[in-house]
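Q: Supplied in structure tokens, the structure appears directly below.
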Amino acid sequence: MTAADKIEAAKERFGLLLKEQLERVEKMKAQGGFIDYKALDRIIIGVCAGDGIGPAITRQAERVLQYLLKKDIESGRVEIRDIEGLTIERRAAENAAIPPAVLEEIKKCHVILKGPTTTPRKGDPWPNVESANVAMRKELDLFANVRPVRIPEQGIDWTFYRENTEGAYALGSKGVNVTEDLGVDFTVVTTQGCERIIRAAFEFARANKKTRVTAVTKANIIKTTDGKFLDIFREIAAEYPEITADDWYIDIMTAKLVDEKRRKDFQVVVLPNLYGDIITDEAAEFQGGVGTAGSANIGKRYAMFEAIHGSAPRMVQEGRDIYADPCSMIRAGAMLLSHIGYTYEADLLYRALDVCTVTEKKLVITGRDTGATGAEFADYLMDTIEKMKNEEA
Ligand code: IPM
Ligand code: MG
């Protein structure tokens with residue numbers, strides 16, 4: 001093929017991608033409002049245990065949910081349903097990011113608690129299937145990735161609103177090698193995609209009496225897509241005059257998060273996908289590591305709750321999965337409870353987590369047999385909640 005032919009082939013490929021993205025825009029335009037859980041007779045919580053340490057920690061989070069929702073599970077108002085098959089073995093065998101039959105089961109639920117899933121990378125024995133996380137976020141249109149980081153003793157109370165369906169991730173596995181020497185990836189931003197995530201961040205701020213929303217971009221360099229995100233941020237900010245809106249570039253923002261004097265001032269942060277991915281790992285590290293952080297992936301019809309870390313296959317190989325810290329998944333469970341309207345139960349759980357991991361700390365998780373198992377920790381947590389309930393009664 002001549003260079004000119006290769007350019008033509010790349011253009012054709014690009015044209016198809018643009019068409020798909022414009023179809024996505026039309027879907028977003030046609031979308032209604034958020035689902036109202038209160039109006040449902042029955043809420044179905046699907047549980048996908050995942051790979052590696054996923055089953056070990058997800059089962060503990062599931063036990064805690066079963067305990068907190070006991071009454072409503074018995075009455076039939078809530079169902080917790082195990083969904084099998086979101087494993088790397090099955091995904092590899094079917095060469096699918098999410099096996100179609102599994103996706104169908106997932107779509108029958110309202111919310112999903114999902115354990116970490118393995119994302120193949122070069123050198124792995126698996127075919128190069130797309131990340132199950134990324135696929136699920138796209139398939140269920142979970143556009144808001146909400147990641148709170150709280151360190152009360154340091155005055156830190158951040159909520160990150162990471163855009164979850166666009167940016168560098170939208171076509172992350174669809175770049176083009178135009179020639180052997182030239183590779184091009186694409187970053188995608190849409191008016192609808194920016195509006196819905198930025199509005200979600202401001203609505204959260206307003207509902208929770210937060211006084212500041214910060215946008216993070218690199219709009220000085222990535223002028224078209226980050227520029228659009230920032231323009232829309234300013235437009236929407238004008239509708240929330242009681243909230244201070246400011247913006248930072250991603251490089252200086254990563255630095256400011258380390259600045260102990262300034263970082264307390266951030267409250268709600270809204271940002272495109274890749275910057276959100278990076279900065280939320282940094283932020284979680286201050287709180288005690290990615291193992292402590294949960295993450296909510298929220299769309300209008302579906303929502304999915306997960307840990308922000310990976311499946312840690314090495315822990316399983318070394319037989320240490322029972323010692324893996326289930327706090328990230330339990331926190332994801334707390335976010336799930338609050339999202340579907342069980343705010344009292346969610347609050348109990350957050351408070352008990354503080355007791356068990358900060359103030360009382362009768363058990364410590366070390367990730368190996370020098371510490372407690374995940375099951376022992378979950379028992380301790382449920383005992384603590386039981387005591388708190390009795391004291392309050
Ligand atoms: C996250 C993870 C995922 C991401 C990976 C596992 C695909 O890092 O949830 O932050 O990049 O979004
Ligand atoms: Mg990440």
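The values are calculated or read from the model by the stated rules, or taken from the named source; none is laboratory data. Values in this document were obtained by computation on a predicted structure and should not be read as measured data. Here the Cβ positions follow ideal geometry from the backbone for every residue, glycine too, while neighbour counts run over all protein chains shown. Ligands, DNA and RNA are stripped out before the accessible areas are found, and what is left, the full protein with its side chains, is counted by its heavy atoms. Shrake-Rupley method; radii C 1.70, N 1.55, O 1.52, S 1.80 Å.
Q: Any residue that is within 16 Å of ligand 2 (Cβ to nearest atom), touching a residue at least 24 places away in the same chain (Cβ under 8 Å), closer than 24 Å to D247 by Cβ and of a type in the set (D, E) - is there at least one of those in region 281-293?
A: There is at least one residue in region 281-293 that is within 16 Å of ligand 2 (Cβ to nearest atom), touching a residue at least 24 places away in the same chain (Cβ under 8 Å), closer than 24 Å to D247 by Cβ and of a type in the set (D, E).
Q: Scan region 120-130 and tell me whether some residue there is among the hydrophobic types (A, V, I, L, M, F, W, C), touching a helix residue (DSSP H, G or I) at 6+ places or on another chain (Cβ under 9 Å) and either under 22 Å from R24 (Cα atoms) or crowded, with 18+ Cβ neighbours inside 10 Å (or both). Give the derivation first.
A: At the first step, the residues of region 120-130 found to be among the hydrophobic types (A, V, I, L, M, F, W, C) are 126, 129.
Right, trim to touching a helix residue (DSSP H, G or I) at 6+ places or on another chain (Cβ under 9 Å) and you get 126, 129.
Narrowing the set further to residues that are either under 22 Å from R24 (Cα atoms) or crowded, with 18+ Cβ neighbours inside 10 Å (or both) leaves 129.
For region 120-130, residues among the hydrophobic types (A, V, I, L, M, F, W, C), touching a helix residue (DSSP H, G or I) at 6+ places or on another chain (Cβ under 9 Å) and either under 22 Å from R24 (Cα atoms) or crowded, with 18+ Cβ neighbours inside 10 Å (or both): present.
Q: Give me the pairs: first residue in region 8-23 and within 17 Å of G167 (Cβ to Cβ), second residue among the hydrophobic types (A, V, I, L, M, F, W, C) and part of a helix (DSSP H, G or I), beta-carbon distance under 8 Å, and six or more apart or on different chains, which are they?
A: Q21/A170
Q: Inspect region 181-191 for any residue being closer than 28 Å to V258 by Cβ, open to solvent by 50 Å² or more (accessible area, probe 1.4 Å) and within 16 Å of ligand 1 (Cβ to nearest atom) and give the result as yes or no.
A: The answer is yes, given that some residue of region 181-191 is closer than 28 Å to V258 by Cβ, open to solvent by 50 Å² or more (accessible area, probe 1.4 Å) and within 16 Å of ligand 1 (Cβ to nearest atom).
Q: Could you list, in sequence order, the residues of region 119-169 that are at pLDDT 95 or above, assigned to a strand (DSSP E or B), out of contact with any Ser or Thr (no Cβ under 7 Å at 6 or more places or on another chain) and within 16 Å of ligand 2 (Cβ to nearest atom)?
A: The answer is A144, W158, Y161, E163.
Q: Scan region 256-275 residue by residue and report those that are within 16 Å of ligand 2 (Cβ to nearest atom) and either open to solvent by 40 Å² or more (accessible area, probe 1.4 Å) or part of a helix (DSSP H, G or I) (or both).
A: Residues of region 256-275 within 16 Å of ligand 2 (Cβ to nearest atom): 257, 269, 271-275.
Listed by number, the residues that qualify are N273, L274, Y275.
Q: A284 passes all but one of (1) within 16 Å of ligand 1 (Cβ to nearest atom); (2) more than 23 Å from D124 (Cβ to Cβ); (3) open to solvent by 40 Å² or more (accessible area, probe 1.4 Å); which number fails?
A: The single condition A284 does not satisfy is (3).
Q: Can you tell me which of Y323, Y302, Y380, Y344 is without any contact (Cβ under 8 Å) to a residue 24 or more places away in the chain and either away from ligand 2 (no atom under 16 Å from the Cβ) or open to solvent by 40 Å² or more (accessible area, probe 1.4 Å) (or both)?
A: Working: Y323 fails: without any contact (Cβ under 8 Å) to a residue 24 or more places away in the chain; Y302 fails: without any contact (Cβ under 8 Å) to a residue 24 or more places away in the chain; Y380 fails: without any contact (Cβ under 8 Å) to a residue 24 or more places away in the chain.
One residue alone meets the criteria, Y344.
Q: Given (1) acidic (D, E); (2) at pLDDT 95 or above; (3) surrounded by fewer than 19 Cβ atoms within 10 Å (Cβ to Cβ), where does D354 come up short, assuming only one miss?
A: (2) is the only condition that D354 fails.
Q: Return the residues of region 242-281 that are within 16 Å of ligand 1 (Cβ to nearest atom), within 20 Å of T225 (Cβ to Cβ) and not β-branched (V, I, T); say none if nothing qualifies.
A: Those that are within 16 Å of ligand 1 (Cβ to nearest atom), within 20 Å of T225 (Cβ to Cβ) and not β-branched (V, I, T): L271, P272, N273, L274, Y275, G276, D277.
Q: Sticking with this one: Restricting region 305-320 to residues that are of a type in the set (D, E, K, R) and more than 12 Å from ligand 1 (Cβ to nearest atom), which is surrounded by the fewest Cβ atoms within 10 Å (Cβ to Cβ)? Full working, then the answer.
A: Taking region 305-320 and keeping what is of a type in the set (D, E, K, R), we get 306, 314, 318, 320.
Of the ones still in play, those that are also more than 12 Å from ligand 1 (Cβ to nearest atom) are 314, 318, 320.
Numbers: R314: 10, E318: 12, R320: 18.
Checked region 305-320; the qualifying residue surrounded by the fewest Cβ atoms within 10 Å (Cβ to Cβ) is R314.
Q: Among the residues of region 53-62, is any modelled with pLDDT of 95 or more, open to solvent by 60 Å² or more (accessible area, probe 1.4 Å) and part of a helix (DSSP H, G or I)? Quick ask: steps written out before the conclusion?
A: Step one: of region 53-62, the residues modelled with pLDDT of 95 or more are 53-62.
Applying the additional criterion that residues be open to solvent by 60 Å² or more (accessible area, probe 1.4 Å) yields 59.
Retained after the next criterion (residues that are part of a helix (DSSP H, G or I)): 59.
Yes, because at least one residue in region 53-62 is modelled with pLDDT of 95 or more, open to solvent by 60 Å² or more (accessible area, probe 1.4 Å) and part of a helix (DSSP H, G or I).
Q: Just to check your reading of the model, which residue among I236, I250, I278 is of a type in the set (V, I, T), within 16 Å of ligand 2 (Cβ to nearest atom) and more than 30 Å from L103 (Cβ to Cβ)? Show your work before the answer.
A: Working: I236 fails: within 16 Å of ligand 2 (Cβ to nearest atom); I278 fails: more than 30 Å from L103 (Cβ to Cβ).
It is I250.
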